[in-house]
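A quick write-up on the structure given underneath.
The values are calculated or read from the model by the stated rules, or taken from the named source; none is laboratory data. Here the structure is a predicted model, which is why all the values come from computation and not from measurement. Positions of Cβ are generated from backbone atoms using ideal geometry, with glycine treated the same way; all protein chains shown enter the neighbour counts. Calculation scope for accessible area: heavy atoms of the full protein, side chains included, ligands and nucleic acids excluded. Shrake-Rupley method; radii C 1.70, N 1.55, O 1.52, S 1.80 Å.
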Amino acid sequence: MTKKIFYPVILAGGRGTRFWPLSRKRKAKQLLALDGKQTMIQQTIARLQPLTDSKNFWIVTNRDLSEAIGRQLPKVPKKQILAEPVGKNTAPAIGLAAFLLMRFHPEAVLGLFPSDHVIGDETRYREVIEHGVELAAAGENIVVLGIRPTRAETGYGYIESGAASEGEVLQVRRFTEKPDSQRAAEFVQAGNYFWNSGMFLWRARTLVNALNEHLPETAKLLEEIAASFGTQKFEGKFRKLYPRCENISIDYAVLEPRSSKGERESNIYCIPADFGWNDLGSWAALHEHHSVRMPREDGNMIASNGSFVLNSQGNYVHAPSKFVATVGVSDLVVVETDDALLITTRERSQDVGKIVKYLDEKKLHKLV
């Protein structure tokens, strides 16, 4: 059943600025092999592949990355790799896919998935998604996969759950944007909050109806673009109309106003996701992920052409063509490329994106 109606939409337009200098405009984080031999987007496709056909995948990216993505994903139809003329956040991106599918399969269930997350237990992951697809297909339902928080994280949005619906499924009371540290601690203590994973499931018809209700002007533009798909007018319509769409996330555009109707009226459901999720949001997160998978007594993760370590702990070093020696240093992040060298601490690795902002402002385009 799932294979016939499940259409994964992979969001792959981000720049991955916190993974500079390895992540660049034309080879962003999702195109890098940060966790094994496959790139992040290849892993995303591979773990969803058993649930659907290759022809059912849609990728939304940008013009800098679309050709490289096409090369990495040769089984995905090229016409289904959509290159946004300008980034407009997640609501227009997933909305366009919904309007496109409405034209030939309105009962299709769309899955919205980031292209650069890692999953520890892929079997459990697919079981949760299959359950979510069934729930989304049953009516005007929106399903979000929620991650049970392990710490008072301020970098994620939160989902407040209400009453149990059936089995492990919970009704959603409200969505909360990234909190400060005090509120995040309160959420964890309360026990009924989940991290918002950014993974959603809904029928094409459900999402189109929601966009028409909550984002009507953008919905009209997306419908007009979708109507030209498969014709010579599509590229022109896409370039002309898409920039006029509102720059807004699906959370703000649909989920928050929908949840304000109350948990019994909104038809938004949360499935707690216990499959080893990590969004790999920074070099520190990557270090943590590798440390769990391949624990070392000194906590050092060094990719190099040979190494020497003395009185050094908890460092992440990426210099694959160099011999690396660490002496008396701890908790550093060092990443080398041909034209740049990053030196920071794991604690401050969230700030690496500020480097890219500086390089953009100074028009140092070769470095971004």
Name the single residue, out of those in region 51-72 being part of a loop (DSSP other than H, G, I, E, B) and open to solvent by less than 10 Å² (accessible area, probe 1.4 Å), that is farthest from Ser115 (Cα to Cα). Thr52
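Table: residues versus (1) touching an Asp or Glu at 6+ places or on another chain (Cβ under 7 Å); (2) part of a helix (DSSP H, G or I); (3) closer than 19 Å to Pro8 by Cβ.
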| site | (1), (2), (3) |
| --- | --- |
| Lys178 | no, no, no |
| Ala184 | yes, yes, no |
| Val188 | no, yes, no |
| Ser197 | no, no, yes |
| Leu201 | no, no, yes |
| Val208 | no, yes, yes |
| Leu221 | no, yes, no |
Where residues in region 144-167 are β-branched (Val, Ile, Thr) and either surrounded by fewer than 18 Cβ atoms within 10 Å (Cβ to Cβ) or not in a strand (DSSP E or B) (or both), which of them is farthest from the chain's Cα centre (by Cα)? Thr150
Scope region 168-192; condition surrounded by 14 or more Cβ atoms within 10 Å (Cβ to Cβ) and within 20 Å of the chain's Cα centre (by Cα); matching residues: Phe175, Thr176, Pro179
Among the residues of region 108-143, write down those that are open to solvent by less than 10 Å² (accessible area, probe 1.4 Å) and part of a helix (DSSP H, G or I). Tyr125, Val128, Ile129, Gly132, Val133, Ala136
Where the second residue is assigned to a helix (DSSP H, G or I) and the first is under 15 Å from Gln171 (Cα atoms) and lies in region 132-151, which pairs have Cβ atoms under 6 Å and are six or more apart or on separate chains? Glu140/Thr206; Asn141/Leu135; Val143/Gly132; Val143/Leu135; Val143/Ala136
Listed by first then second residue, the pairs whose first member lies in region 26-44 and is in a helix (DSSP H, G or I) and basic (Lys, Arg), whose partner is at pLDDT below 95 and open to solvent by less than 10 Å² (accessible area, probe 1.4 Å), with beta carbons under 8 Å and at least 6 positions apart or on separate chains, are Lys29/Leu280
